[in-house]
1. Among the listed residues L214, L285, L289, which satisfies the condition of being surrounded by 14 or more Cβ atoms within 10 Å (Cβ to Cβ), part of a helix (DSSP H, G or I), touching a Lys or Arg at 6+ places or on another chain (Cβ under 9 Å) and of a type in the set (A, V, I, L, M)?
2. Any idea how many residues of region 239-248 are in a strand (DSSP E or B) and buried (at least 24 other Cβ atoms within 10 Å of the Cβ)?
3. Taking region 130-148, which residues are touching a helix residue (DSSP H, G or I) at 6+ places or on another chain (Cβ under 7 Å), surrounded by fewer than 24 Cβ atoms within 10 Å (Cβ to Cβ) and not in a loop (DSSP other than H, G, I, E, B)?
4. Restricting region 220-238 to residues that are over 16 Å from the mean Cα position of the chain (by Cα) and outside any strand (DSSP E or B), which is surrounded by the most Cβ atoms within 10 Å (Cβ to Cβ)?
5. Please count how many residues of region 3-25 are basic (K, R), surrounded by fewer than 18 Cβ atoms within 10 Å (Cβ to Cβ) and within 19 Å of the chain's Cα centre (by Cα).
6. Please work out which one of (1) assigned to a loop (DSSP other than H, G, I, E, B); (2) surrounded by 15 or more Cβ atoms within 10 Å (Cβ to Cβ) is the condition E28 fails and give its number.
7. Tell me, please, whether a residue that is at pLDDT below 95 and of a type in the set (S, T, Y) can be found in region 93-103.
Amino acid sequence: MDLSVVNHEDYFAKIGDDHKFPINKFGELANYLLKKKIVEKFHKPYPCSEETLKRAHSEKYINDVKNKTLDQNSIKKIGFPLVDSVVKRSLVATGGTVLASKLAIKNGVACNTAGGSHHANFNGGAGYCVFNDVAVAAQYLLDRGLAGKILIIDLDVHQGNGSADIFRTNNNVFTFSMHSKSNYPAKKSISDCDVELENDMEDKEYLRILRFYLNQLNEENFDFVFYIAGVDIHFNDRLGKLKISDEGVRERDEVVTENFFSQGIPLCGVLGGGYNKDFNKLVELHSFLHQSCAKLL
């Protein structure tokens, strides 16, 4: 069986070539996966409906984004210009994670080539995140009875503060965030489990800590997992602060995906952050998620 991967040409948005966010990575990752024969073809998502978005975001915020009536302060907090292509991208990428989650239930594992916008909370976006796609998809699965106890395992270098806020009082979603202690956001939220890492941590210690917590999470009887596989833990990342090697990132993805797949727990993998100084390396690092999932099948 081939790995189910969701992708859409509208994952690319026109934010300007000089923007700090490497928006080209989404299209280049799709090309890379095809070229390396990691996937043969993609599943194409629809833009996420307002009805589904409202599971994790306020109606006012959704409408302000869609109508481009967000105030300047809120736009600045997100970090993207609020133009048509950014609005379209945010809706399609969120729809992509919803679709990938359904494909994961059907096939055991599936991935998006975007997603992991974990800084967006109920009332607004932040840190290059407009809508919290994983939160939207998790709530979608719960509301439809497709999952009962969901784990969000977030290994982006930055804390998944938006996810923590959205699910603070929801006992059916467990938020786990393993992140750089001194990194963005300055004021952390409270996840169900936060693991704070010291600056300059290397592979051996990182993977030891990860395995320890995976063993604990395995006691919890989750029936669905969202994995946010941020590659900004890499030593050459502009926004990182950790010192994880190429092989460390690859091993991390293999350890996580194998851990849940071997227990028969459906897993939906999404990209998370990555701001590597070397663009081609960034694309390769992001592909490790899809490679590790494809290997399971």
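The values are calculated or read from the model by the stated rules, or taken from the named source; none is laboratory data. Just so we're clear, the structure is a prediction, and the values are computed from it rather than from any experiment. Note that we place each Cβ from the backbone using ideal geometry, even for glycine, and neighbour counts take in every protein chain shown.
1. Details: L214 fails: touching a Lys or Arg at 6+ places or on another chain (Cβ under 9 Å); L289 fails: touching a Lys or Arg at 6+ places or on another chain (Cβ under 9 Å).
Being surrounded by 14 or more Cβ atoms within 10 Å (Cβ to Cβ), part of a helix (DSSP H, G or I), touching a Lys or Arg at 6+ places or on another chain (Cβ under 9 Å) and of a type in the set (A, V, I, L, M) holds for just one of L214, L285, L289, which is L285.
2. So in region 239-248, the residues in a strand (DSSP E or B) come out as 243-244.
Add one more test, that the residue is buried (at least 24 other Cβ atoms within 10 Å of the Cβ), and what stays is 244.
Adding up the residues that qualify gives 1.
3. Listed by number, the list holds a single entry, Y140.
4. Selected residue: F222.
5. Our first condition is that a residue be basic (K, R); within region 3-25, this holds for 14, 20, 25.
Imposing the further condition that a residue be surrounded by fewer than 18 Cβ atoms within 10 Å (Cβ to Cβ) reduces the set to 14, 20.
Now restrict to residues that are within 19 Å of the chain's Cα centre (by Cα): 20.
Adding up the residues that qualify gives 1.
6. Evaluating E28 over (1) assigned to a loop (DSSP other than H, G, I, E, B); (2) surrounded by 15 or more Cβ atoms within 10 Å (Cβ to Cβ) leaves (1) as the failure.
7. Let us first name the residues in region 93-103 that are at pLDDT below 95, namely none.
So far as region 93-103 goes, no, none of its residues is at pLDDT below 95 and of a type in the set (S, T, Y).
Yes/no per residue for (1) under 30 Å from Q291 (Cβ atoms); (2) not in a helix (DSSP H, G or I):
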site	(1), (2)
G16	no, yes
H19	yes, yes
L33	yes, no
K37	yes, yes
V65	no, no
